[in-house]
Structure formats: C-alpha cells, structure tokens
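J.: Mind having a look at this structure? Questions to follow.
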Amino acid sequence: MSDLVKLIIDGVEVEVPKGTLIVDAAKQIGNDIPVFCYHPKLEPVGMCRMCLVEVGFPMRDRATGEFVLDENGKPKLNFGRGLQTACTTPVGEGIEVRTTTEPVKDAQSSVLEFLLSSHPLDCPICDKGGECPLQNLTMQHGHGTTRMVYSDKLHLNKHVPLGELIYLDQERCIQCARCIRFQEEVVDDPVIRFHNRGRRTEIVTMSDPGFNSYWSGNTTDICPVGALTTADFRFGARPWEMKPAASLCTHCPVGCNTTFSTRREAKSGGKHVIKRVMPRQNEWVNELWMCDKGRFGHHYAADSAARLKRPLIRKNGELVEVSWSEALDFAAGKLQQYGTAVAGLSGDRLSNEDLFQFQKLFRKGLKSHNIDLAARRLAGGDVVAKVGLSSGSNLKELGKGDAIIVVASDLHEEAPVWWLRVKQAAERGAALIVLNVRSTRLDKYASHVRHYAPGQAVDAVRQLVNFAKVEGDSNGDALSAAAETAANANNLVIFYGSEGVDYEETAVIAQHLANLLLMKNGDGHAGRPNNGLIPVWPHNNTQGAWDMGVHPAFGPGYAALETPGLNAAAIYEGAANGEIKALFVMGADPVGDGLMADRGQLEFLAVQELFLTETAQLADVVLPAQSWAEREGTFTSGERRVQRYYPAVLPIGDNKADWQILAEIGERVGLGKPAFAASLIFNEVAKAVTQYKGMDYRTLAQVVKQWPDVGGEDGYYAGNAQKNRAGLGQVWASAAESGDAVAYDVAETAVHVNDGLALIRTAALYTPGTLISQSDVLADRLAQPTISLNAQDAAQMELAEGDLIDVNVAGDTIAALVHINNTPAGLMLLSGVPYVAGTAVAQIGQEIKD
C-alpha cells in the first residue's frame, strides 16, 4: 500500500504521507490554519481549539466496507461529526477539509473572544507587539467589539520572575502550555508547571534556582503571546525597530545558527547594539533551538566596556596607546629579528580566515613551523578527516536499528544541542552506548553504559573494538553486548571527548574508534551518510584550526610537514628557558589559563586580543581585534560543516579583524599586498585546503526549503523562529566517502593506575571565563569551583557538604566547595574551573575557615 494519501483542503487536492496532521498538510499548500497551542516540534494536544475545521469523512457501507458513492461516482462525505481540531486529526484518503466556512469562522472568533476576556489590551507596550500571533489572529478572525464588562476582567501579576533569566506576565498568558510541553517533551527539564485552576491558572517554577534549565530562552520564542520574556530584552526594543543579522554561536562545536536583532539607540550613545539573540532554523544543525549560553553569552562581543580599542606598545614599562602603523611596524620588526626562535599560539574560537592567515604568516613569512593551539585538549583531527561524520548526514534521521556511542564526554555540559539530538535519537529507538568514568545525563537514555575506572578509558575503548571483531557472541559481558550492538547497527555515529583523558590518550581513542567504523566485514560504516566520528571539540572552531593547519605537524588540508615544528608544550618550555625568543599569541590567554606561569625568558611577546587578558598585560605589543559580531567570516563545526556569519554591529574603537592584522604584518615581512576582504581570504583557503575545494561565500550562503516551514507572517505556527535566508553551509567530505580510509595500527598503551584519590575535571556549561563573565545576566549561573565525591570518601577525609577546601592539582591550588553525591569511590570530580588534562592525583589541603 502507498504511504501517501490524497485529500482535499478548501478545494485544493494535496498528497501527503500517512499520519500527517491536517494542520501540517494545509501548511504544505500555503493554507495557514490558525493555532496557538500547536507547534510542529511538540506533540499535539488540541488545547486552544483555534484550529477547528470542518472535516468530511468518506462514508462506507457497513456491510461491505466499500465507499458509498454519489451520483457522480465519488465517495459521499459525512460532515456530521462536528468541528475537528486540525492539529490532532490525521489525514485520511479521500477526506475533505473546509477551513473558511461560517461555522469555522464563528468558532475561531469565539475562541479569540474567550482568550481576550481577561487579556490585557496593552499591545503598544507589549514586547510581543509587532510579532504577536494573538494580535495578528485577532485582527484576522476576531470580533471588532467586545461583550465583556471591563470590571469583570481578572488582573494578575505582570512581572513574575520564573528565574533570573525569564519573566512571566501572568495576565498575558493564554495557557497554551507550549512552554511546559517544550520543557517536558523536548529537553526533559520539567521545571515549570501549571498551578491553580480555571481563570486562576498560572505557570510556576518547580526548581531551585528558578527555571533551572539550559533551554529556558526557547520558551520565549515559542510563546504565542508576550507572557514570557528574557531578562536582557524585556522592554528593550520593538520588533520593527530592529534589523536581523545572521550569525553563528561561538561557544561550542555544534555551530548553532543564530540571528542577532540589532538597532541603533540613543541610550548607548548612538551605537548599534545587539538587543537579542534568537535561533535561526537549520534542520541539519540546531533545528529551531539553542541553549541559554548561546542566547545570553554574547555581551562580550559588542557591549563590554573592557574591550580593547586601540593598539598598545610597552614604553618605559607601561602599555600606552599608539597608531596602527607604529604597532604593526614594531611587531613585524621584532618577529623577523629572531629567525627560527619565533613561535605562535592561537585560540580556536577564531574564524577560518584568521587561522589560515595565522599559519601563513608563520610558515611563509617567518619560515617557522612552531605554531599550535594554545590549549591542546583533544587530538584526532587527522583521524576525523578520514572517518568523520559523512556529508549528507543528519542526526535527526537516526532511529531504530542505528547506534550512537559517546566516549569520555558530557554532552549536556559541553555541547547541549548535540546532547538534545542524541537524546531524541535514542527516544526514536536508536541504541545509545555511553562509556565514561562517571554518570552523565545521557545514561538515562542509554541501552548500554560502561563506567570504567579512572585512567582506563583507552583500555575500555580497545576492549569495545576487540569485542566488535567477534561476531555473534556477547559472552554475557555488558561491553561485549554493546560492541555487538554497534557492529550490527545500520548506522553508527560516535562522539568522543577528553573528560579524564589527556591529549595523547585522545589520539589513541580516536584511532580505535576509527577502526570500529571501518570494520563491519570490509563494508564499514565509515563513508556512508549518518555514519562517522564526531569530536567534541572544546570550542567552536577547533575543527577549522585543524583544517587550516594550525598544528606543528600538519599544514592546511592535513598535508604532513617534512620538518614538524614545536608543539604547544615545547613552546611553553622554550619560552621559559629562553630557546624561544619571540612569541605571538592570538585569541588565547595561556597565562590566565595556567599554561604559562609568566613570560619566562621571552625577549618579545605580542598578543592579539579582544581584552587585556593576563597574557596581554605582560606583552610588548597588544593588537586589538574585532569580535565575530563586528565582521564576517566562517567557522567549521564538529560535524565539519563550514558556515558563514555576517557583521551585526559596527566595530568598537579602532580595532581590526584578526585576518587583517595578520595580513598587514605579513605585508611587512614580505608576503605581498594583503587581501581587503574576508571572502578573498576564503578563496585562498579553498585553493590551499583540498577538502574545501568548490566552496566560496556564495555557495555557503545557499539555502533550501526546510520543514517545518517557519519564519513567515504566520508566527503562530512555530513561534518566532527565524527563517534561514543566509546559508546552510557545506560539509566537506571525509576520505572514507571516496574509499581512501584504511584501518589504523594502534600502538598498545599502558593502563593508568592511580595511587591516590583520582581527580578529574568535568565540564560545566557556565564555567567562568574571559568571555562569558562579560554577560551580567548570567552572573548568578556561573559555576563555582566545586569538588564532588561520594559520602564514604568524604567521611574518610572528614569533609562535609558545603565545606570550602584547598585542592592541589599539578602544582596549582584551587579553593573549592565540597559537594557530596554518588560519584564513584576513589574519584573526585572538579568542576567550575579551567581545563585540567587527564586524570590527576588530588591532594586535599586544609579546610578554609570563613
């Protein structure tokens, strides 16, 4: 039987898949049935009754089961069942739907009249005014006058904090439950509920702190009225005053598509400012959602008064403002002065254009391969180039018969949208296999969970791969059963991170996992859509840094170097002992992150930054850079999707784009006339990086029609989701897609055994840092340094919940609060602090008294 059915909606024949709801079928032919409670990403509930329509069902003969035909030979239709909710009624073969008849119009106007019976008529001052579904539908379908007596209106509180991020106007709420259902169904954070009954029904928070969820901001997008607003946008601007600018989130490797709403305002001195950040639809990346860190953590980009505005040179021991020409001449001259004793360290939040120009300056201009990322957390970029998630993949398509493995990563804290998409795949039937040293929120959805001992991550992964080689025999072992599930899966996607493992161990783990993907009797998973390896990189463009060749052993496109340069650890050592004379640091703070104690014996230190970081305070020259919100460029996500972002606001002060600064230094060291646009730099990237061949800013800006169809005038259908008109990006193909990947001969590694209490740093979404700490709205959510351990270990050390203690890790002393939970015995988890590599042995100092 066909999976498609035909029906007629207002005289138009439409063919849609079985199970499609009438409201969605109508949407596909441009017939917008009004809704309030319905949302295409939520389960239908039919609460608001705004979508009532007439539905004629084909009549059947009770004896034969055949259709009863009219005089024209067509099935007779029965419209006698009353009005039906289009959001809960699935289509059927031969039905006819009428959406504009008088009974339908009367029902729609009646629903609106009831909703407005106690709704405040404060549209001129409402945050939703201008993009409000209730406002728009009232104009289209409502009565011109009201029959309500004003004194009968119910007056409720208009400024109720559900938490410090989200505010509720109780009078405006129409009890559609979209927000509650989103928190329960989509993100599994049921922290808000209905309270009371009838006209007194209200939304309340059930968590402490209030509305304790990483996804709370999404409820303001899908709210069909102005009931829910964000703390940093409430009463901030009217929708028609703002201009949209397409951008990307910079906080993790997912690459969420976003839209900045900007305007020029008097209270900001006439500057263009970012008023709010909203998700931009990309069904291959973040669908319609984004986490609160991405939504509220943007203030460093354009709002911070601490931003650097002009170049600085150290004169007489003090950093003083100078012209660009003086600063660039000084930097270029010093970098050339020291020959091969020069090195560069970069952050991995910068654009591909910045990173490409960085390696070009050092390799072609300064003749040095001594470049690396300032913090080496996760290896395997070269492995991902061979067996990474294949182009044409979409995590939304994974379900029954497929498998997902997550190794050494807490996706909920490190990459929330990936956590959400993996969770949803598991709910659709995909087998989820989790390997970690401790429990995470993914364990709840997993089919197989293996908690290995500290220091044994590599061994656990090796066992998993070895078990997968033995077909049809799980031996009753949990890890063996997991391996059998992975090996026999239709599709296999693997995430791996760096929790509790060091850089070298992650390189081995990546190779083992690559072999698992290449296995399957010579016809491996790797290279096929919806299969492959995804690294949980620490930042938004770590993948791009690998692609651009910011690595001591690889050039652009993973071209191996005959003579590798020094890696970050060797550069730090060289700076300390004087072997490295000059160091250029871009977009990183190695001193503030504890990677460098000070500038050591460096004779010259240059820093290119947004802020006067601890490293910048020690520099001889500081070059002020633009944030990503002030310019255009590209990032490459962990799924290797190259995506564009666009300028949203004017630059602060006299700063420049990172690539432009590097190009102007390059001109001074003999690299020729610099390019004058980021697009031209990217064209150069596409020539040098073979995987990017055929890409340019035009191809990255291409879009296709997506479902659900959002962003039109019918904001009631899917909330205020932003339509993607600026580009979906392109995924570059892994080597396995062309059959060029072969299995790795992985070297044996020793199993680590800890002599003392093992300590592992765990991720926290709101870990304090230079960038996120600039967002005052998130101040109460910033993670505090915390040690988690179980009750038995705490009792042995005479520690109690809430104690403040000193923790000594690798020579550094950290003051941390004690939290007692179900952490495995012999293990301490340290969160709320910068990165700590691998598994350390912790030493507990004295309790700190108030």
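The values are calculated or read from the model by the stated rules, or taken from the named source; none is laboratory data. Note that the structure is predicted; figures quoted are calculated from it, not measured. All Cβ positions, glycine included, derive from the backbone under ideal geometry; neighbour counts span all protein chains shown. For accessibility, only protein heavy atoms count, side chains too; no ligands or nucleic acids. Shrake-Rupley method; radii C 1.70, N 1.55, O 1.52, S 1.80 Å.
J.: If you take the residues in the stretch 359-389 that are touching a residue at least 40 places away in the same chain (Cβ under 8 Å) and among the basic types (Lys, Arg), which one is most open to solvent (accessible area, probe 1.4 Å)?
T.: Among residues in the stretch 359-389 that are touching a residue at least 40 places away in the same chain (Cβ under 8 Å) and among the basic types (Lys, Arg), the one most open to solvent (accessible area, probe 1.4 Å) is Lys364.
J.: Name the single residue, out of those in the stretch 183-229 being polar (S, T, N, Q) and under 24 Å from Pro133 (Cα atoms), that is modelled with the lowest pLDDT.
T.: Taking the candidates together, the pick is Thr201.
J.: Taking the stretch 29-60 only, how many residues are touching a Ser or Thr at 6+ places or on another chain (Cβ under 6 Å) and either assigned to a loop (DSSP other than H, G, I, E, B) or farther than 19 Å from Pro103 by Cβ (or both)?
T.: Selection size over the stretch 29-60: 4.
J.: While we're looking at this one, here's another question. With in a strand (DSSP E or B) and either open to solvent by less than 30 Å² (accessible area, probe 1.4 Å) or at pLDDT 95 or above (or both) as the only criterion, which of Arg438, Arg450 stands out?
T.: Only one candidate qualifies: Arg450.
J.: Given (1) in a loop (DSSP other than H, G, I, E, B); (2) buried (at least 18 other Cβ atoms within 10 Å of the Cβ); (3) of a type outside the set (S, T, N, Q), identify the lone condition not met by Met148.
T.: (2)
J.: At least 2 residues that are touching a residue at least 40 places away in the same chain (Cβ under 8 Å), under 30 Å from Val731 (Cα atoms) and open to solvent by 10 Å² or more (accessible area, probe 1.4 Å) in each: list the strands (runs of 3 or more DSSP E) lying fully within the stretch 157-258 that qualify.
T.: Output list reads 243-248.
J.: Further, regarding this structure: Checking Ile580 against (1) within 28 Å of the chain's Cα centre (by Cα); (2) surrounded by 20 or more Cβ atoms within 10 Å (Cβ to Cβ): exactly one of these is not met. Which one?
T.: (1)
J.: Another question, if that's okay. Return only the number of the condition from (1) open to solvent by less than 10 Å² (accessible area, probe 1.4 Å); (2) part of a strand (DSSP E or B) that Arg644 does not satisfy.
T.: For Arg644, the failing item is (1).
J.: Picking from Ala301, Ala305, Ala266, which residue would you name as being without any contact (Cβ under 8 Å) to a residue 60 or more places away in the chain, under 24 Å from Leu165 (Cβ atoms) and not aromatic (Phe, Trp, Tyr)?
T.: Sole residue among the options that is without any contact (Cβ under 8 Å) to a residue 60 or more places away in the chain, under 24 Å from Leu165 (Cβ atoms) and not aromatic (Phe, Trp, Tyr): Ala305.
J.: May I ask you to list pairs of residues, at least six apart or on different chains, whose Cβ atoms are under 6 Å apart, with the first in the stretch 421-449 being touching a residue at least 40 places away in the same chain (Cβ under 8 Å) and the second being surrounded by fewer than 20 Cβ atoms within 10 Å (Cβ to Cβ) and of a type in the set (Phe, Trp, Tyr)?
T.: Close Cβ pairs satisfying both conditions: Lys423/Tyr445.
J.: Please state which of the following conditions Lys386 fails to meet, knowing it meets all the rest: (1) under 22 Å from the mean Cα position of the chain (by Cα); (2) outside the structural domain of Ile661 (by TED's automatic domain parsing).
T.: Only one criterion is unmet by Lys386, namely (1).
J.: So which of Leu513, Leu464, Leu479, Leu517 ends up being assigned to a helix (DSSP H, G or I) and modelled with pLDDT under 95?
T.: Leu479
J.: Counting only residues that are in contact with a helix residue (DSSP H, G or I) (Cβ under 6 Å, 6 or more places away or on another chain) and among the polar types (S, T, N, Q), which one in the stretch 671-690 is surrounded by the most Cβ atoms within 10 Å (Cβ to Cβ)?
T.: Ser679
J.: For residues that are surrounded by fewer than 23 Cβ atoms within 10 Å (Cβ to Cβ), under 17 Å from Gln84 (Cα atoms) and of a type outside the set (Val, Ile, Thr), tally how many sit in the stretch 8-24.
T.: Adding up the residues that qualify gives 3.
J.: When the residues of the stretch 526-577 are filtered to those that are under 32 Å from the mean Cα position of the chain (by Cα) and charged (D, E, K, R), which remaining residue is least open to solvent (accessible area, probe 1.4 Å)?
T.: Among those that are under 32 Å from the mean Cα position of the chain (by Cα) and charged (D, E, K, R), it is Asp547.
J.: Spot the failing condition for Ile29; the list is (1) under 35 Å from the mean Cα position of the chain (by Cα); (2) open to solvent by 60 Å² or more (accessible area, probe 1.4 Å); (3) farther than 26 Å from Glu713 by Cβ, and only one is missed.
T.: Result: Ile29 passes all but (3).
Quick grid of which residues meet (1) assigned to a loop (DSSP other than H, G, I, E, B); (2) touching a His at 6+ places or on another chain (Cβ under 7 Å); (3) without any contact (Cβ under 8 Å) to a residue 40 or more places away in the chain; (4) of a type in the set (Lys, Arg):
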{"residue": "Ala718", "(1), (2), (3), (4)": "yes, yes, no, no"}
{"residue": "Val742", "(1), (2), (3), (4)": "yes, no, no, no"}
{"residue": "Val746", "(1), (2), (3), (4)": "yes, yes, no, no"}
{"residue": "Leu789", "(1), (2), (3), (4)": "no, no, no, no"}
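J.: Would you confirm whether any residue within the stretch 124-134 is surrounded by 14 or more Cβ atoms within 10 Å (Cβ to Cβ), on the phi < 0 side of the Ramachandran plot and part of a helix (DSSP H, G or I)?
T.: Checking the stretch 124-134: at least one residue is surrounded by 14 or more Cβ atoms within 10 Å (Cβ to Cβ), on the phi < 0 side of the Ramachandran plot and part of a helix (DSSP H, G or I).
J.: Then there is this: Is there a residue being open to solvent by 40 Å² or more (accessible area, probe 1.4 Å) and among the hydrophobic types (A, V, I, L, M, F, W, C) anywhere in the stretch 78-97?
T.: Yes, there is a match, as at least one residue in the stretch 78-97 is open to solvent by 40 Å² or more (accessible area, probe 1.4 Å) and among the hydrophobic types (A, V, I, L, M, F, W, C).
J.: Are there any pairs with C-beta distances below 7 angstrom linking a residue in the stretch 499-513 that is among the aliphatic types (A, V, I, L, M) to a residue that is open to solvent by 30 Å² or more (accessible area, probe 1.4 Å), with the two at least 6 apart or on different chains, and if so which?
T.: Sorted first by the residue in the stretch 499-513, then by its partner, the pairs are Val508/Thr749.
J.: Take the conditions without any contact (Cβ under 8 Å) to a residue 12 or more places away in the chain and touching a strand residue (DSSP E or B) at 6+ places or on another chain (Cβ under 7 Å) and apply them to Glu71. Does it pass?
T.: For Glu71, the condition - without any contact (Cβ under 8 Å) to a residue 12 or more places away in the chain and touching a strand residue (DSSP E or B) at 6+ places or on another chain (Cβ under 7 Å) - is not met.
J.: Is there a residue being of a type outside the set (D, E, K, R), surrounded by 14 or more Cβ atoms within 10 Å (Cβ to Cβ) and outside any helix (DSSP H, G or I) anywhere in the stretch 102-115?
T.: no
J.: Suppose we keep only residues that are open to solvent by 50 Å² or more (accessible area, probe 1.4 Å) and assigned to a loop (DSSP other than H, G, I, E, B) within the stretch 720-732. Which one would you say is modelled with the highest pLDDT?
T.: Arg725
J.: Now for a different question. Please go through the stretch 591-607 and give me each residue that is closer than 23 Å to Leu361 by Cα and touching a helix residue (DSSP H, G or I) at 6+ places or on another chain (Cβ under 6 Å), ordered by number.
T.: Leu602, Phe604, Ala606, Val607 - these are the residues of the stretch 591-607 that are closer than 23 Å to Leu361 by Cα and touching a helix residue (DSSP H, G or I) at 6+ places or on another chain (Cβ under 6 Å).
J.: Give me the residue from the stretch 335-358 that is charged (D, E, K, R) and in a loop (DSSP other than H, G, I, E, B) and, out of that set, least open to solvent (accessible area, probe 1.4 Å).
T.: Ranking the qualifying residues of the stretch 335-358, first place goes to Asp348.
J.: Are any residues in the stretch 632-675 of a type in the set (Gly, Ala, Ser) and either outside the structural domain of Leu361 (by TED's automatic domain parsing) or out of contact with any Leu (no Cβ under 9 Å at 6 or more places or on another chain) (or both), and if so, which ones?
T.: Ala648, Ala657, Gly670, Gly672, Ala675
J.: So, restricting to helices (runs of 4 or more DSSP H) that lie completely within the stretch 359-429, which ones have at least 2 residues that are among the β-branched types (Val, Ile, Thr) and at pLDDT 95 or above?
T.: 381-387, 416-427
J.: Name, by its number, the condition in (1) surrounded by 16 or more Cβ atoms within 10 Å (Cβ to Cβ); (2) assigned to a loop (DSSP other than H, G, I, E, B); (3) among the aliphatic types (A, V, I, L, M) that does not hold for Val704.
T.: The number of the failed condition is (1).
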